[in-house]
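Scroll down for the structure; my scribbles are underneath it.
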Amino acid sequence: MQKLNPFVDERKKSGTAPLITFEELYAHLTPDQVSFLKEFREIDPAVVGGASRRLPAPAPDTRFVRLDRQAVLRDGKSIRMDTQFLPAAAHAAYTRMMAAMEPDLGKRLLVESGYRSPAYQLYLFLFYMPKHSYSVRETNRHVALPGCSEHGSPAFQAIDFITPAGINGEDQPEEFEELQEYGWLHARAGEFGFSLSYPRGGESAFEPWHWHYEE
Ligand SMILES: [Zn+2]
């Protein structure tokens, strides 16, 4: 991680961290470290439990829409959010869905996290492991294994929503669950191709903010 952090931090600054490739990650590591990560990528999600499964990798010609003008309130101040990317099809569906939510509620949701390449997902998984006592099984309850995240598979493209007021449910899922916007998603998101991925009482932790799009 010490070798990868400076590189990933640079990419975060330029807003392109979600598009990092395996080749770019591996370029900063020794051959031993690279083969360790290659083995890590082969971990069978069924063996470590949870509901995750391997999802189709992004097609090389996937076109991404860049979102870099989103802002949320934090401590009463407007903060510009990290740049996000969505595959063009998911972006079009999200735009249509918000165009329907806005007249109904006078509110819309922002994209806190959209596309994350499988390589960036691998980095994030490793980053969060110490917080879960280095347990792959425990980390996997909160962060999908690389290749298993809907955030990295345009065929099932996930969006983590956040309100412009900064409510994302991260510390308390109930906070997001109680939103009018959440009720609206339950009633209408299906019309736009979106569904809730991790409902309450499932094998993975409840994530009311995480919805995925299927064409
Ligand atoms: Zn998510």
- prompt: Would a scan of the range 85-103 turn up a residue that is over 26 Å from residue 187 (Cβ atoms), in contact (Cβ under 8 Å) with a residue 40 or more places away in the chain and in contact with a helix residue (DSSP H, G or I) (Cβ under 7 Å, 6 or more places away or on another chain)?
  reply: yes
Checked the range 188-205 for anything in a loop (DSSP other than H, G, I, E, B) and either within 12 Å of the ligand (Cβ to nearest atom) or at positive phi (or both); matches are 193, 197, 198, 201, 204, 205
Out of (1) within 12 Å of the ligand (Cβ to nearest atom); (2) over 26 Å from residue 5 (Cα atoms), the one residue 110 does not meet is (1)
The condition of being in contact (Cβ under 8 Å) with a residue 24 or more places away in the chain, under 26 Å from residue 166 (Cβ atoms) and not in a strand (DSSP E or B) holds, among 56, 45, 18, only for 18
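Each row is one residue, and each column tells you yes or no for (1) part of a helix (DSSP H, G or I); (2) in contact with a Cys (Cβ under 6 Å, 6 or more places away or on another chain); (3) loosely packed, with under 15 Cβ neighbours inside 10 Å.
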| position | (1), (2), (3) |
| --- | --- |
| 95 | yes, no, yes |
| 102 | yes, no, yes |
| 124 | yes, no, no |
| 137 | yes, no, yes |
| 145 | no, no, no |
Among 116, 54, 69, the single one that is touching a helix residue (DSSP H, G or I) at 6+ places or on another chain (Cβ under 7 Å) and not hydrophobic (A, V, I, L, M, F, W, C) is 116
Of those in the range 8-40 that are in contact with a Leu (Cβ under 8 Å, 6 or more places away or on another chain) and within 21 Å of residue 131 (Cβ to Cβ), the residue surrounded by the fewest Cβ atoms within 10 Å (Cβ to Cβ) is 40
Discussion item. It is to be established whether one or more residues within the range 155-166 are within 15 Å of the ligand (Cβ to nearest atom) and surrounded by fewer than 16 Cβ atoms within 10 Å (Cβ to Cβ).
Written reply: no
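Bear in mind these aren't lab numbers, they're just calculated from the coordinates by the rules spelled out. Computed from a predicted model, the values in this text were never measured in an experiment. With ideal geometry, Cβ positions are generated from the backbone for all residues, glycine too; neighbour counts draw on all protein chains shown.
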